[in-house]
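The structure appears below as structure tokens.
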Amino acid sequence: MLVIGLAGLVAACAQAPRLSSSSVVTLADVVGTWAGRWNAEEGAGGAAELILTGDPGAEADTVYAHLTVLEGGVSDSTRREGRLTRDGILFVLDGGGTLSLTLGPSRDVLNGEFVGGQGFPAPRGSLELTRRS
């Protein structure tokens with residue numbers, strides 16, 4: 001299991017993107033538990049679970065995520081702070097990568113792409129998640 005240290009989380013928070021003034025996705029749209037699959041560009045993949053929450057004391061566009069991905073019998077988990085965007089959420093990953101999630105029109109699907117960064121089992125890939133709660 002991957003555990004991100006406080007220094008890494010603080011550095012990632014400082015790099016987190018800012019909210020666009022034309023945001024249509026709200027915190028209420030994304031808070032909850034999401035589950036589905038991750039897929040690497042090379043064809044590997046596995047189960048994924050994403051728990052999203054907010055903090056009433058934080059900025060309105062701040063989203064906190066706990067992402068767990070499974071590959072075979074091994075799980076990796078990471079925690080990230082992200083920002084709401086017009087279509088979903090953007091997270092900056094350790095190592096300079098990003099995780100970009102787009103909320104589907106029915107508000108019960110999150111699809112996204114990850115590029116680079118640490119804490120993912122592949123350098124590039126996608127996530128396909130549906131709301132569980």
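All of the numbers you see were taken from the coordinates with simple rules; none came from a lab. Every value quoted in this text rests on a predicted model; they were computed, and no experiment measured them. Cβ placement follows ideal geometry from the backbone for every residue including glycine, while neighbour counts extend to all protein chains displayed.
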### Task
Pull up all non-local amide H partners of residue 63: gap of 5 or more, or a different chain, and H-to-H distance under 5 Å with H placed in the peptide plane.
82, 83, 84
#### Entry: In order through the range 88-99: 3J(HN,Hα) via Karplus (6.51 cos²θ - 1.76 cosθ + 1.60), integer Hz, x for Gly, Pro
x, 9, 10, 10, 9, 9, 4, x, x, x, 9, 10
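When you count, for each residue, the other Cβ atoms within 10 Å and take the mean per peptide, how do 87-93, 61-67 rank with the highest first?
Peptide ranking by packing, descending: 87-93, 61-67.
How much length would be gained if the chain were fully extended between residue 44 and residue 107, taking 0.36 nm per residue of separation minus their Cα-Cα distance, in nm to one decimal?
This chain segment gains 20.0 nm when fully extended.
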### Summary
Once residue 35 and residue 58 are pulled to full extension, the length gained, defined as 0.36 nm per residue separation minus their Cα-Cα distance, is 5.7 nm
### Message
Taking 22 Å as R0, compute the FRET efficiency from the Cβ-Cβ separation of residue 115 and residue 26 and round it to 0.05.
### Response
0.30
### Phi to ³J(HN,Hα) by Karplus 6.51 cos²θ - 1.76 cosθ + 1.60 over the range 67-80, Hz, x for Gly, Pro
10, 10, 10, 10, 9, x, x, 10, 10, 10, 10, 9, 10, 9
